[in-house]
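Here is the structure we will look at.
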Amino acid sequence: MSASVRRALVTGASGGIGAAICRRLARSGHQMYLHAHQGGERIQALAQELNDAGERAQVLRFDVTDQAATLAALEQVLESGPIQVLINNAGIHDDAVLPGMTARQWHRVIDVCVHGFFNVTQPLLLPMIRTRWGRIVNISSVAALTGNRGQVNYAAAKGALNSATRALALELASRGVTVNAVAPGIIATDMSEGHFDAASIEQLVPMKRPGSADEVAHVVDFLAGEAAGYITGQVISVNGGMI
């Protein structure tokens, strides 16, 4: 099957990294499904932008932590064919040092990043496997690899996602489906704005600058393509040399 007719789903597409991934995959010829739970105006504007450029984009709205709602939305999509490229980008952070972290903060981050991964990925697997071709890319974080003060919940969630990536890659390796993770460092997006000042970036990042969402998207696009067919079970950092 030509990459030009492959259908791609990006969760959390209304954020800076998600939107950049959508634009990059659309330019590569994929039929795009743009997921968002919140950020309705942003996701609609992104879909309009892609469609105006001659790409194919459709918006999906559901809460990835709601298993029934997620399944219902995905079943509708699957009626017209399998998803062969899945980018699990939906995620949140809700920061606090652990002694002061509430149970709600802990569970909310785990629910979106880990349970959301299961709720979206599991229903799409058998249809993908039947095509004998698929690409799953999970968006992780440098916090999962190095830790970060005030983000025990987020580091735990993204660490679980890294482990799930490696295990699922083993399950699907013989079926033509690859599973990898991309772990961004400090990326200049609305989500990261205000968390790192210039002095902190100078100290933390060997390249002395934040990354761009498009730099992450380029790596995701590569992993989602034909050229990455022998790469699976990897966590690839995009972080300016932080580790």
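What follows draws every value from the coordinates through simple rules; no lab data is involved. Please read all numbers here as calculations on a predicted model, not as lab measurements. All Cβ positions, glycine included, derive from the backbone under ideal geometry; neighbour counts span all protein chains shown.
The value obtained for segment 134-243, namely the Cα convex hull volume divided by the number of residues, is 95 Å³ per residue. Protection proxy ranking, highest mean first, for peptides 169-176, 104-111: 104-111, 169-176, where packing is the per-residue count of other beta-carbon atoms within 10 Å, averaged. Per residue of the chain, the DSSP helices (runs of n ≥ 4 H) give a summed -39500 (n - 2.57) that works out to -13000 deg cm²/dmol at 222 nm.
Ranked by the mean number of other Cβ atoms within 10 Å of their residues, highest first, the peptides 17-29, 210-222 come out as 17-29, 210-222. Here segment 72-167 is described by how far its Cα atoms reach on the three principal axes: 48, 26, 16 Å, from widest to narrowest.
The Cβ shell under 15 Å around residue 20 holds other residues with a net charge of -2, Lys and Arg each +1, Asp and Glu each -1. The fewest-to-most ranking of 85, 97 by surrounding Cβ atoms within 10 Å reads 97, 85. Given R0 = 22 Å, the distance between the Cβ atoms of residue 207 and residue 146 translates into a calculated FRET efficiency of 0.90. Over 30 Å apart: what share of the alpha carbon pairs of the chain falls there, rounded to a whole percent? When every Cα pair of the chain is considered, 21 percent fall beyond 30 Å. Residues within the reach of a label modelled at residue 174 (point 7 angstrom out along Cα to beta-carbon, backbone nitrogen below 11 Å), restricted to segment 222-243: there are none. Taking other C-beta atoms within 10 Å as the exposure proxy, 243, 43 rank 243, 43 from fewest upward.
Note on 230, 33: ascending count of other Cβ atoms within 10 Å places them as 230, 33, the fewest first. Label positions at residue 107 and residue 190, each projected 7 Å from the Cα along the C-beta direction, are separated by 2.8 nm.
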